[in-house]
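Reading through the structure tokens given below for one structure.
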Amino acid sequence: MSDNKMKAYWRRNLRYLLVLLLIWFAVSYGAGIFFAEQLNTIRLGGFKLGFWFAQQGSIYVFVVLIFVYVWLMNRLDREFDVDEK
Amino acid sequence: MDVQTWTFLIVGVTFALYIGIAVWSRASSTKDFYVAGGGVSPLANGMATAADWMSAASFISMAGLISFMGYDGAVYLMGWTGGYVLLALLLAPYLRKFGKFTVPDFIGDRYYSNVARSVAVICAIIVSFTYVAGQMRGVGVVFSRFLEVPVNTGVYIGMALVFFYAVLGGMKGITYTQVAQYCILIFAFMVPAFFISFQLTGNFIPQMGFGGSLADGTFLLDKLDGLHRELGFAEYTSGSKSMIDVFAITLALMVGTAGLPHVIVRFFTVPRVKDARISAGWALVFIAILYTTAPAISAFARTNLIETVRDADYSTMPEWFSNWETTGLITFEDKNADGKIQYVAGDENELVIDRDIMVLANPEIAQLPNWVVALVAAGGLAAALSTAAGLLLVISASVSHDLIKKQIKPNLSDKEELIWARVGAIAAVLVAGYFGINPPGFVAAVVALAFGLAAASFFPAIILGIFDKRMNKEGAVAGMIVGILLMLFYMIKYKLGGFGGGTPEDWWFGVSPEGFGTIAMMVNFLVSLTVSRMTPKPPEDVQEMVEQIRYPRGAGAASEH
């Protein structure tokens, strides 16, 4: 594989990481901690929204993030032909 | 049948199962012993990781802890799950591609230095021992409550069992027992949760019942907030910790999770890079089942408890109340001698409840059948034993592989190394058992800080090792040493009263010792980056290696060496 192609693969990987980690940060630290009080004025059934993010929602998002990452990376590996046979 | 008979039966069957698995999956090479032969399926590894990860603290203490902390309990819920995102995205695939046996292996090779390797070995041992002592104690406590044997006898039984399958089976034995232990612990955790959720809210799914409404039509959480206001406590859904501290603790726990050697090493056991990624996803699914249920249990238990004791006559308390009173975990002192229980914030409070009993007493409080109570005991034991075994393996591998094979006797044959690994495991079991029987006062205080230590030492060294090609041994070693010493200093000063001690008012930036790992980690990153830019580049072959771990192809099995 050429150097350029490898660099491109790595850059795409880093971009995925950046986006996914921004979401990771936004749901846990953003919605669950820094803005929890503001979000608590909004209701989700019996939950206040900030509280829900802190004790439930962020965990669900974490799970989804990993599976999205796996899907993105498997696709990327095939595209750049670096996947394992 | 009574609770006692059920407990003997269920615990006996589960123990027989663990021993059976251990005999079936004996380790015959060091590769079996350290990484289970490198052939574990990602799903099984996810389950084993979940059991490894969820300790007696997650199973027994966490829900209770949260029910007394309310919103602030989120630090544990997010902190102990969010780390898996970091692990899956930033560590597991690359370490799997690197393909060696232990974390100090990676540090030693990536930083081409035995000094770095030794620093990593010491960090791994400090982190793992602070953690394992608490597990052995947990085993003893569960035994003493449910089998009515002294705590120490419980510790001996636990030691004998772990001894059997960790020493005999190594990682291979541990992996498959952990799969069984996960099934038992999650079943034991969920059954009472379903029952109680249905009793209170009419909805079987605890995650839904948590946001559901009670028989009188008010939402559970609103009711709980109301009760808290009435009794003078802070509202359940709003916290009392400062925002900066909540942030620091959550981050320290997340990063610490991603830096814990016994968690990382699990990702060496799967065949391919791809498997390491998905395996982290499965692990988090299995963990999330418990971690999204726990806060619901906390709210249910809190409501049940307040409703039972509030202004009630002491003489009308149900049987579980006096059962736990005899263990000293519930204490009632009738200060105003009116025969009623005043459970309020402040000095007039007459009732003290140990947070550890919330999960264990929950089935009794909700009047569930005896077999459910026994099941919870078996689940608690499964949680404690699986974590203890994983930690003991890290300690034994650190000694036999990273210390003896890599540094003292490099020409050790595979057979001899395997003997050393078993000797290491035996020694680790004995030391852990000793701490379980004679818990040094500081153990309870520092277990939570194992995360801070891992965050302050390993996490930056591994991340920079993967993502920063320019990082060299000078930078990494300086960072690890400064990070772990700073964390130890803060912990000893503010937790154990050394170096003149200190009160919460003196905390740096208002950050508690539990959250200080975040700051020590940042300092580690800063020191590593600064020192590395002022010292020579790492050699060509190391830069080449860093390049190679970025691409999955050619991972193969964990390499022999």
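Would you confirm whether any residue within the stretch B:49-72 is more than 23 Å from B:Phe163 (Cβ to Cβ), among the aromatic types (Phe, Trp, Tyr) and touching a residue at least 24 places away in the same chain (Cβ under 8 Å)? Please lay out each step first, then the result.
Pass one, the stretch B:49-72, residues more than 23 Å from B:Phe163 (Cβ to Cβ): B:50, B:58, B:61-72.
With among the aromatic types (Phe, Trp, Tyr) added as a condition, the list becomes B:68, B:71.
Checking the rest, the ones that are also touching a residue at least 24 places away in the same chain (Cβ under 8 Å) come to B:68, B:71.
Scanning the stretch B:49-72, I find at least one residue that is more than 23 Å from B:Phe163 (Cβ to Cβ), among the aromatic types (Phe, Trp, Tyr) and touching a residue at least 24 places away in the same chain (Cβ under 8 Å), so the answer is yes.
Does B:Leu260 fit the bill of being more than 19 Å from A:Tyr69 (Cβ to Cβ), hydrophobic (A, V, I, L, M, F, W, C), within 12 Å of chain A (Cβ to nearest Cβ) and crowded, with 22+ Cβ neighbours inside 10 Å?
Working: more than 19 Å from A:Tyr69 (Cβ to Cβ): yes; hydrophobic (A, V, I, L, M, F, W, C): yes; within 12 Å of chain A (Cβ to nearest Cβ): no; crowded, with 22+ Cβ neighbours inside 10 Å: yes.
No: the conditions fail for B:Leu260.
Which ones in the stretch B:197-214 are surrounded by fewer than 23 Cβ atoms within 10 Å (Cβ to Cβ) and of a type in the set (Val, Ile, Thr)?
Passing the criteria: only B:Ile205.
Filter the stretch A:29-51 for residues that are surrounded by 23 or more Cβ atoms within 10 Å (Cβ to Cβ), assigned to a helix (DSSP H, G or I) and at the interface with chain B (Cβ under 7 Å from one of its Cβ atoms) and give the result.
A:Gly32, A:Ile33, A:Phe51
Can B:Val523 be described as closer than 15 Å to B:Phe106 by Cα and not polar (S, T, N, Q)?
Numbers: closer than 15 Å to B:Phe106 by Cα: no; not polar (S, T, N, Q): yes.
Against the criterion (closer than 15 Å to B:Phe106 by Cα and not polar (S, T, N, Q)), B:Val523 does not qualify.
Let's see how each residue does on (1) within 12 Å of another protein chain (Cβ to nearest Cβ); (2) among the aromatic types (Phe, Trp, Tyr); (3) over 21 Å from B:Pro192 (Cα atoms):
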residue: B:Ala276; (1), (2), (3): yes, no, yes
residue: B:Ala280; (1), (2), (3): yes, no, yes
residue: B:Ala283; (1), (2), (3): yes, no, yes
residue: B:Ala288; (1), (2), (3): yes, no, no
residue: B:Pro295; (1), (2), (3): yes, no, no
residue: B:Ser315; (1), (2), (3): no, no, yes
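State the number of residues belonging to the stretch B:76-125 that are within 9 Å of chain A (Cβ to nearest Cβ) and free of Cβ contacts under 8 Å to residues at least 12 places away in the same chain.
Selection size over the stretch B:76-125: 1.
Report every pair of residues separated by at least 6 positions or lying on different chains whose Cβ atoms are under 6 Å apart, first residue within the stretch B:305-323 and on the phi > 0 side of the Ramachandran plot, second among the charged types (D, E, K, R).
B:Asp311/B:Lys340
I'm trying to understand the selection: among the residues of the stretch A:65-84, which are part of a helix (DSSP H, G or I) and either surrounded by 15 or more Cβ atoms within 10 Å (Cβ to Cβ) or facing chain B (nearest Cβ under 8 Å) (or both)?
Within the stretch A:65-84, the first condition is being part of a helix (DSSP H, G or I), and the residues that meet it are A:65-79.
Passing the criteria: A:Leu65, A:Ile66, A:Phe67, A:Val68, A:Tyr69, A:Val70, A:Leu72, A:Met73, A:Asn74, A:Leu76, A:Asp77.
Name the single residue that is farthest from the other protein chains (Cβ to nearest Cβ) among those in the stretch B:225-241 being without any contact (Cβ under 8 Å) to a residue 60 or more places away in the chain and surrounded by fewer than 17 Cβ atoms within 10 Å (Cβ to Cβ).
Quick first cut of the stretch B:225-241, residues without any contact (Cβ under 8 Å) to a residue 60 or more places away in the chain only: B:225-226, B:229-230.
Checking which are surrounded by fewer than 17 Cβ atoms within 10 Å (Cβ to Cβ) leaves us with B:226, B:229-230.
Details: B:Gly226: 13, B:Arg229: 15, B:Glu230: 19 Å.
Ranking the qualifying residues of the stretch B:225-241, first place goes to B:Glu230.
Given the criteria in a helix (DSSP H, G or I), among the polar types (S, T, N, Q) and without any contact (Cβ under 8 Å) to a residue 12 or more places away in the chain, does B:Ser128 qualify?
Working: in a helix (DSSP H, G or I): yes; among the polar types (S, T, N, Q): yes; without any contact (Cβ under 8 Å) to a residue 12 or more places away in the chain: no.
So B:Ser128 fails the test.
Are there any pairs, at least 6 apart or on different chains, whose C-beta atoms fall under 8 Å, with the first in the stretch A:14-41 and farther than 15 Å from A:Trp52 by Cβ and the second among the β-branched types (Val, Ile, Thr), and if so, which?
Here the result reads A:Leu20/A:Val68; A:Leu20/B:Val85; A:Leu21/B:Val85; A:Ile23/A:Val61; A:Trp24/A:Val61; A:Trp24/B:Val85; A:Tyr29/B:Thr250, each pair linking the stretch A:14-41 to a residue that is among the β-branched types (Val, Ile, Thr).
If a residue counts only when it is within 14 Å of chain A (Cβ to nearest Cβ) and either in contact (Cβ under 8 Å) with a residue 24 or more places away in the chain or surrounded by fewer than 15 Cβ atoms within 10 Å (Cβ to Cβ) (or both), which helices (runs of 4 or more DSSP H) contained entirely in the stretch B:463-561 have at least 2 such residues?
Values: elements: B:473-494, B:516-534, B:540-548.
In the stretch B:463-561, B:540-548 are the helices (runs of 4 or more DSSP H) which contain 2 or more residues that are within 14 Å of chain A (Cβ to nearest Cβ) and either in contact (Cβ under 8 Å) with a residue 24 or more places away in the chain or surrounded by fewer than 15 Cβ atoms within 10 Å (Cβ to Cβ) (or both).
Out of B:Gly73, B:Gly46, which single residue is small (Gly, Ala, Ser), within 13 Å of chain A (Cβ to nearest Cβ) and either in a loop (DSSP other than H, G, I, E, B) or over 21 Å from B:Pro295 (Cα atoms) (or both)?
Details: B:Gly73 fails: either in a loop (DSSP other than H, G, I, E, B) or over 21 Å from B:Pro295 (Cα atoms) (or both).
That would be B:Gly46, the only listed residue that is small (Gly, Ala, Ser), within 13 Å of chain A (Cβ to nearest Cβ) and either in a loop (DSSP other than H, G, I, E, B) or over 21 Å from B:Pro295 (Cα atoms) (or both).
Mind listing whichever residues of the stretch B:215-224 are buried (at least 16 other Cβ atoms within 10 Å of the Cβ) and touching a Gly at 6+ places or on another chain (Cβ under 9 Å)?
Step one: list which residues in the stretch B:215-224 are buried (at least 16 other Cβ atoms within 10 Å of the Cβ), which gives B:219-224.
Scanning the stretch B:215-224 gives B:Phe219, B:Leu220, B:Leu221, B:Asp222, B:Leu224.
Suppose the filter is at the interface with chain A (Cβ under 9 Å from one of its Cβ atoms) and buried (at least 24 other Cβ atoms within 10 Å of the Cβ); does B:Thr250 pass it?
Details: at the interface with chain A (Cβ under 9 Å from one of its Cβ atoms): yes; buried (at least 24 other Cβ atoms within 10 Å of the Cβ): yes.
Answer is yes for this residue.
The rows are residues; the columns are (1) modelled with pLDDT under 85; (2) touching a His at 6+ places or on another chain (Cβ under 7 Å); (3) surrounded by 24 or more Cβ atoms within 10 Å (Cβ to Cβ).
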position	(1), (2), (3)
B:Asp356	yes, no, no
B:Asn362	yes, no, yes
B:Ala366	yes, no, no
B:Pro369	no, no, no
B:Leu375	no, no, yes
B:Ala388	no, no, yes
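The values are calculated or read from the model by the stated rules, or taken from the named source; none is laboratory data. Please read all numbers here as calculations on a predicted model, not as lab measurements. Methodologically, a virtual Cβ is constructed for each residue, glycine included, from the backbone with ideal geometry; neighbour enumeration extends over all protein chains shown.
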